[in-house]
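The values are calculated or read from the model by the stated rules, or taken from the named source; none is laboratory data. All values derive from a computational prediction rather than experimental measurement. All Cβ positions, glycine included, derive from the backbone under ideal geometry; neighbour counts span all protein chains shown. Protein only, heavy atoms only, side chains kept; ligands, DNA and RNA dropped before computing areas. Shrake-Rupley method; radii C 1.70, N 1.55, O 1.52, S 1.80 Å.
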Amino acid sequence: MNYFTTTNKHSIATLEQAVTRALSPDGGLYMPERLPRLPKAFLHNTTSMTLQDMAYAIGAFAFNGDVPPDVLHDIVFEALDFIIPLVKTASGRYVLELFHGPTMAFKDVGTRFMSGLLDYYRTRHPEWRPLNVLVPTSGDTGGAVANSFRAKPGVNVFVLYPHGAVNEIQRSQFATLGGNVKAIEVSGSFDDCKSLVEEAFLDPQLNDAMRLTSATSINYARLVPQMFYYFWAYAQLVSQHVDTNNLVFAVPCSNLGNLTSGLMAQKMGLPVKRFISVENQNNIFYNYVKTGVFTPKPTQYSIAPALDSGCPTNFGRIVELLGSHENVCRHIHAYSYDDDQIVETILKTYHEEEYLLDPHTAVAYRALQDDLQPGEVGIALGTAHPAKLRPLMEGIINKPITLPQKLSKPLQRNLQVIKMNNGFSAFKNLLLSNQ
Ligand SMILES: *Cc1c(COP(=O)(O)O)cnc(C)c1O
């Protein structure tokens, strides 16, 4: 199947080109020519399937033969070897807990899948030039990417994080691995880290010297696997005999990758009544839905750091999928909450429903409360485990939180960090000397 880009319908690429480049040479995002609709019978049969079986079947349709079945099977079974429970809370809302993977955030699904796919491409090319994955992170992306690519031959990972702005639990997930994972502490902000990476992708000398790519959700390889769990949630409800005719998903949004995957799942036939996009005070998409104008702004920092994006990178894909602002409004209701509202929601849910939400999941959960109509079934995507932001969470609920082993283990390892001044020439030299 061919892939085109959001900037040029005639610039055609293969799946391999799309996932190894991430962005097209003119800065466009790759989209499949077609997203096949799943046969109706498939949706009826999902209740007897495991998550991995479902993912394999849906992946086969989505990639349309571009990934051989046995390869796809292995990638899916390795990437999804953890549980994704659909939890019903006391108020009757659902949380799809996507955070039981190795780094306890939903990004594990997409980055592990992407890692498996790149491994397949490497084995197909005896002359494989090492691929260098550049990742700016405010916490979650760095951990997920580093753990997914750790010790993989033919791939180097450079994680850039802002000095002093990532908590030690998250930092330990990517800054203690060593080997092919380089953790770079930048004396600057998260926006500075993003700018350094953007400049690297545009630098001709650097791109001649080494192959660079991205593992953020601009990479199409992350979006397909993120569709799987939307179908999985649906299948759970069907097997519990819940009426799925009025299904609403609330998605905590930053770069809109997760929401894009939901819309892709809908396009493939998942019966979703509507999506709710939920942002923190970085409400760029919310403003677009309300006004029809898309205006990126400088990032504002919040207590839900993974939602801090002033320029949602997947916006172009959403417009491509839905066609017009009017159609966007038909499919998506938009909400935005500030830090005080997030704290209020965490406390209320903890005390009234005995369920502890992390700040990212909290925005989605609150939007269900504010937007759901009688007769609708609402699912909030639970994107991070509450213990990932332990100091903050303990301050909010005023109680100690135990760390699951997956989070405590990396803390016992030594930090392996490269400190760097915030400047492009320093970054460029560092990359060139670490190939
Ligand atoms: C990355 C992330 C998000 C936002 O996902 P997007 O695909 O960028 O919209 C939400 N919550 C958590 C915990 C994340 O790590």
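Assorted remarks:
- Choice from Ser214, Ser24, Ser261 showing the highest fluctuation, given a GNM over the chain with Cα pairs closer than 10 Å: Ser24
- Taking all pairs of distinct alpha-carbon atoms in region 364-435, Kirkwood radius in angstrom: 17.1 Å
- Projected onto planes of every orientation and averaged, the convex hull of the alpha-carbon atoms in region 61-148 covers 7.8 nm².
- Eligible aspartates and glutamates near Lys267 by straight Cα distance, threshold 16 Å, same-chain separation 8 or greater: Glu33, Glu320
- For region 183-283, the Cβ-based charge dipole about the Cα centre amounts to some 660 debye (Lys, Arg positive; Asp, Glu negative; other atoms uncharged).
- Projecting the alpha carbon convex hull of region 113-159 along each direction and taking the average yields 3.0 nm².
- Computed [θ] at 222 nm, deg cm²/dmol, the chain (DSSP H ≥ 4; -39,500 (n - 2.57); rounded to nearest 500): -13500 deg cm²/dmol
- When each of the peptides 350-361, 5-16 is scored by the mean number of other C-beta atoms lying within 10 Å of its residues, the order from highest to lowest reads 350-361, 5-16.
- Mean Cα-pair separation over length for the chain, i.e. relative contact order, pairs under 8 Å, 6 or more apart, %: 19 percent
- Gaussian network model of the chain, Cα within-10 Å springs - most flexible of Ala151, Ala183, Ala304: Ala151
- Each principal axis of region 181-305 carries a Cα extent, and these read 57, 32, 27 Å when sorted largest first.
- Taking the alpha carbon gyration tensor of region 1-126, multiplying each eigenvalue by 5 and rooting it gives semi-axes of 28, 17, 17 Å, largest first.
- With a cut-off of 16 Å on the backbone N, the residues of region 294-329 near the modelled label site 7 Å out from Lys267 along Cα-Cβ are 314-325, 327-329.
- Prolate/oblate/rounded label for region 249-394 (Cα gyration tensor, a/c 1.5): oblate
- Radius of gyration (Cα atoms) of region 81-206, expressed as a multiple of 2.2 N^0.38 Å: 1.20.
- Cα convex hull of the chain, projected area averaged across orientations, nm²: 19.6 nm²
- Residue-normalised accessible area of region 296-364, given per residue in Å² at a 1.4 Å probe: 42 Å²
- Here the dipole of region 1-104 is about 580 debye; that uses its Cα centre as origin and unit charges on the Cβ of Lys and Arg (positive) and Asp and Glu (negative).
- Comparing mean-square fluctuations of Gly262, Gly92, Gly382 from a GNM of the chain with C-alpha springs under 10 Å, the top value falls on Gly92.
- Taking only protein heavy atoms and a 1.4 Å probe, the accessible area of region 80-138 is 52% carbon and sulfur.
- The calculated P(r) of region 113-271, using every Cα pair and 10 Å bins from 0, goes 10, 32, 32, 19, 7, 1 in percent.
- Here the Kirkwood formula puts the hydrodynamic radius of region 310-403 at 15.2 Å, using every distinct Cα pair.
- Mean Kyte hydropathy of 0.0 or more with a Cα span along the axis of at least 27 Å, helices from DSSP in the chain: 220-239
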